[in-house]
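Beneath this line is the structure, given in structure tokens, with notes to follow.
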Amino acid sequence: MGEQGGNASSGPFGSVMASTMALAWSTDGAFDAYELGPVAPLPLHPAAHALHYGSACFEGLKAHRGVDGTLRLFRLADHAERMRRSATTLSLPVPDPVWLAEVVREVVAANAEEAPSPPGALYVRPTLLGVDANIGAATHPATEALLFVLCSPVGDYLARGRALTLGVETTLPRTTPQFGAVKAAANYAMALAPTLRAREADGVDQVLFAPGGWVQEAGPANFLLIDGRTLVTPPLDGSFLHGITRDSVLALAATLGYTVEERPLSTDELARRAPDCEAALVGTAAVLGGVGHLVVAGGRITVGDGEVGQRTTELREALVALQQGAAEDAFGWTEPVG
């Protein structure tokens, strides 16, 4: 599916690393100095807490090469703040968001020459691991941590112009409610088996998790139902990720004359309205990916005309134009690198 999208400079999404990374170790639970160096295997003890007890979280953001040649980071402060919340929830040493943003800027600047031209971008992956070497610490938090930041020159995560087919899962959640709102690494492992089963059984691209018949999110992205100039999306709670691209699209849509409804969305309503609407997945990697079909309880529902919708395309183009400096950034979301 879309993960195999990309361009000649980057290969499959996220499979090629830029040459420079950052490493920082906590001391007495606090981070201070960081080092830039070549991408290389991590010096990690085999008893590290993250390997045994899942004390790991990450972020994903992009630096976009603009139409003027300038490289711009998108919503860096918000991603750094979300990592602070993730680390707090996982009882990890917490990186100061201002310090983390500084580390990201330095890594991106070091890899700036490897950032591809549009529609590519430099994907940035800060990752935080608990590193206490103690396999008896199942009931104790990690007191020391390793932060590293990778960059990857990427193309499109989703195949451009191709509408997705989503399987709708009404029994299993994507993750546990306790960790749903943060980017805990285990969230993604939990969604894998249901997604693989649905792909094999129904030929879907991704799964839209809707436990109890109430839409939450897909495995890699949040979900939007687009009815004319009205966007409907589930309200934020602790059960699914508080997507920064989701927030960006909703704010941008409001300035373009859309009505935004953040409210519960049932699978019954979704199935009933889908033939007359558009639907999209929204996330940092996916940007906005159009949905053409839903598979619900074994039945196949065509969303709109089965293709990527006009409104989905309009919103995607508006967001990308802002990220690349082709449109005014009235929100102050972008910042030049260097």
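Within the range 39-57, does at least one residue satisfy the condition of being in a loop (DSSP other than H, G, I, E, B), under 30 Å from residue 325 (Cβ atoms) and not hydroxyl-bearing (Ser, Thr, Tyr)? Looking for residues that are in a loop (DSSP other than H, G, I, E, B), under 30 Å from residue 325 (Cβ atoms) and not hydroxyl-bearing (Ser, Thr, Tyr), one finds at least one in the range 39-57, hence yes. Of all residues in the range 252-271, which are hydroxyl-bearing (Ser, Thr, Tyr) and either within 19 Å of the chain's Cα centre (by Cα) or crowded, with 19+ Cβ neighbours inside 10 Å (or both)? Once the filter is applied, which keeps residues that are hydroxyl-bearing (Ser, Thr, Tyr) and either within 19 Å of the chain's Cα centre (by Cα) or crowded, with 19+ Cβ neighbours inside 10 Å (or both), the range 252-271 yields 258, 267. When the residues of the range 10-52 are filtered to those that are closer than 22 Å to residue 115 by Cα, surrounded by fewer than 17 Cβ atoms within 10 Å (Cβ to Cβ) and small (Gly, Ala, Ser), the one that is nearest to the chain's Cα centre (by Cα) is 15.
Being more than 18 Å from residue 167 (Cβ to Cβ), assigned to a loop (DSSP other than H, G, I, E, B) and out of contact with any helix residue (DSSP H, G or I) (no Cβ under 6 Å at 6 or more places or on another chain) narrows it down to one of 327, 251, 285, so name that one.
Only one candidate qualifies: 285.
Which condition number does residue 238 fail, the rest of (1) part of a loop (DSSP other than H, G, I, E, B); (2) in contact with an Asp or Glu (Cβ under 8 Å, 6 or more places away or on another chain) being met? So the condition that residue 238 fails would be (2).
Close Cβ contacts (under 8 Å, 6 or more residues apart or on different chains) running from residues in the range 220-241 that are more than 18 Å from residue 303 (Cβ to Cβ) to residues that are among the charged types (D, E, K, R) and open to solvent by 10 Å² or more (accessible area, probe 1.4 Å) comprise 235/262; 235/263; 236/262; 241/183. Among the residues of the range 59-88, which ones are in a helix (DSSP H, G or I) and under 16 Å from residue 147 (Cβ atoms)? Hits for the range 59-88 are 76, 79, 80, 81, 82, 83, 84, 85, 86, 87, 88. Please determine, by comparing only the residues of the range 216-251 that are among the β-branched types (Val, Ile, Thr) and open to solvent by less than 20 Å² (accessible area, probe 1.4 Å), which one is farthest from residue 293 (Cα to Cα). Selected residue: 244. If I filter the range 142-164 for residues that are touching a Phe, Trp or Tyr at 6+ places or on another chain (Cβ under 6 Å), in a loop (DSSP other than H, G, I, E, B) and closer than 19 Å to residue 55 by Cβ, do I get at least one hit? No - not one qualifying residue is present in the range 142-164.
Within the range 286-335, being closer than 15 Å to residue 249 by Cβ and open to solvent by less than 20 Å² (accessible area, probe 1.4 Å) holds for 286, 287, 288, 289, 290, 291, 309, 312, 315, 319, 322, 323.
Would you confirm whether or not the range 272-281 contains a residue that is in contact with a Lys or Arg (Cβ under 7 Å, 6 or more places away or on another chain), open to solvent by less than 20 Å² (accessible area, probe 1.4 Å) and not charged (D, E, K, R)? Walk me through how you get there before you give the answer.
Taking the range 272-281 first, the residues in contact with a Lys or Arg (Cβ under 7 Å, 6 or more places away or on another chain) are 278.
If we keep only those that are open to solvent by less than 20 Å² (accessible area, probe 1.4 Å) as well, we get none.
No, the conditions are met nowhere in the range 272-281.
In the range 182-197, the condition of being of a type in the set (Lys, Arg) and more than 14 Å from the chain's Cα centre (by Cα) is met by at least one residue.
The values are calculated or read from the model by the stated rules, or taken from the named source; none is laboratory data. In this text the structure is predicted, and so the values were computed from the model without any measurement. Using ideal geometry, Cβ is built from the backbone for each residue, glycine included, and neighbour counts are taken over all protein chains shown. Keep in mind that these areas ignore ligands, DNA and RNA; they rest on the heavy atoms of the full protein, side chains included. Shrake-Rupley method; radii C 1.70, N 1.55, O 1.52, S 1.80 Å.
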